[in-house]
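Student: Below is one structure. I have some questions about it.
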Amino acid sequence: MDLDFALILTVAVLVAGLVWALDILVLKRHRAATAKEPVAVEYAKSFFPVLFVVWALRSFLVEPFTIPSGSMLPTLQIGDYILVNKFSYGLRLPVIGTEIVPIAKPERGDIMVFKYPEQPRINFIKRVVGVPGDRVVVKAGRVWVNGKELSREEVALPDAESWEIYFREMDGAVSHMIRHEAGRESMSPEREWDVPAGSYFMLGDNRDNSRDSRFWGFVPDRYIVGKAFFIWMHKKPGWNLPEFGRNGKVI
C-alpha cells in the first residue's frame, strides 16, 4: 500500500497534542468544574502519550520493516521482518528526512533503507555499493569501484536450483552473498556512474532481479531512512505461523 505511515503518525501526534494543549490553555478555564470533558479532549489525553512514544521510537531509534520482494536474496527473503537503526546515519527530522545531528555516513556494504527516488512514499532496501566520489562500473554482472573489481567466489548451496548461481562478493573487509541467474548476467545495464556529493549508488543482492541504481540513478542523502541491522521474524505469505529460525544480524 502506498501509505506514508510516518506522515500519518506525525499528523496524529500533532493533532492530539494540540487538542490537549488547547484544553489546558483555553477550554478548561471556561468549563464549569462539574462539566464533562469534550470527547475530543478525552481521546487526545488518552492517545497522545502512546502516540508520542511510538512516534519518538520510530522516528529516532528503531523502525520495523517487512521485506516484500526478492531483490535482496539471498541476504533477505520475502517475509522477513527486520529492524532498522534510525540514528546510524544521523538524527533526522521525521517525514522530510533533513539531518539535524550528524553521526555517521553510509559505508560500502551497508544494507540501507531509503525512500525510492522515483516514488518517495515507498521505502526501498538495497546495499550501498558506491559512496560520494566513487566511480562505479557494472559490466556482465560484475562490479568495479574506483577501478578495482569486487572479488567474488562461487558458493554451492545445497537447495539451489540448477539455474541459480551464488557468489560471496568481497569489497575490502565487507563480505556478503549475491545471487545471479544463469544467462542473465549480461542483461543488466552496463555503464559507468560517478557518484555525486551527498548521494549513494545502490544494488540489490539479487543482481538479476533488482530495480536499483542501475535503472533510476542515485539515492540523495535526504532520502535515507536508516540501516538494517536485525531480522527478528519471518512469515511466509498466507495463513502461515511466524518463524524465528532466521533471526539474527543482517550482513
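Please treat every number below as a calculation from the coordinates, not as lab data. Please read these numbers as outputs of a predicted model, since none were measured by experiment. No Cβ is skipped: glycine too gets one built from the backbone with ideal geometry, and neighbour counts run over all protein chains shown.
Student: Among 18, 50, 33, whose Cα sits farthest toward the positive end of the charge dipole of the stretch 5-60 (+1 at Cβ of Lys/Arg, -1 at Cβ of Asp/Glu, about the Cα centre)?
Tutor: My answer, from the dipole projection, is 33.
Student: Moving to a separate point now. Tell me which lysines have Cα within less than 21 Å of residue 139's Cα, excluding those fewer than 8 residues away on the same chain?
Tutor: 126, 148
Student: With θ taken as phi - 60° and the coefficients 6.51, -1.76 and 1.60, list the Karplus ³J(HN,Hα) couplings across the stretch 87-97 in order, rounded to whole Hz; mark glycine and proline as x.
Tutor: Working through the residues one at a time gives 10, 4, 9, x, 6, 10, 5, x, 6, 8, x Hz.
Student: What relative contact order, as a whole-number percentage, does the stretch 97-229 give when Cα pairs under 8 Å and 6 or more residues apart are counted?
Tutor: Result for the stretch 97-229 is 31 percent.
Student: Could you give the alpha-carbon Rg of the chain over 2.2 N^0.38 Å, rounded to two decimals?
Tutor: 1.25
Student: Report ³J(HN,Hα) in whole Hz for each residue of the stretch 52-60, in order, from the Karplus equation J = 6.51 cos²θ - 1.76 cosθ + 1.60 where θ = phi - 60°; Gly and Pro get x.
Tutor: 5, 5, 4, 4, 5, 5, 5, 7, 10
Student: Which of 79, 64, 91 sits closest to the plus end of the dipole of the stretch 63-138, meaning its Cα is farthest towards the positive end, when Lys and Arg get +1 and Asp and Glu get -1 on the C-beta?
Tutor: Going by the charge dipole, the pick is 91.
Student: Computed from the mean reciprocal separation of all distinct C-alpha pairs, what Kirkwood hydrodynamic radius does the stretch 1-70 have, in Å?
Tutor: Hydrodynamic radius (Kirkwood, Cα pairs) of the stretch 1-70 is 14.1 Å.
Student: Using the number of other C-beta atoms within 10 angstrom as an exposure proxy, rank 176, 234 with the fewest first.
Tutor: Lowest to highest Cβ neighbour count: 176, 234.
Student: Show me, for the stretch 16-26, the HN-Hα J-couplings you get by feeding each phi into the Karplus relation (A = 6.51, B = -1.76, C = 1.60, θ = phi - 60°), rounded to Hz, glycine and proline as x.
Tutor: With coefficients 6.51, -1.76 and 1.60, one gets 4, x, 5, 5, 5, 5, 4, 5, 5, 7, 10 Hz.
Student: If you don't mind, another one. Just want to confirm a number: the relative contact order over the chain, from Cα pairs under 8 angstrom separated by 6+ residues, in percent.
Tutor: 21 percent
Student: Another question, if that's okay. Please compute, over every Cα-Cα pair in the stretch 145-237, the percentage with a separation greater than 20 angstrom.
Tutor: 51 percent
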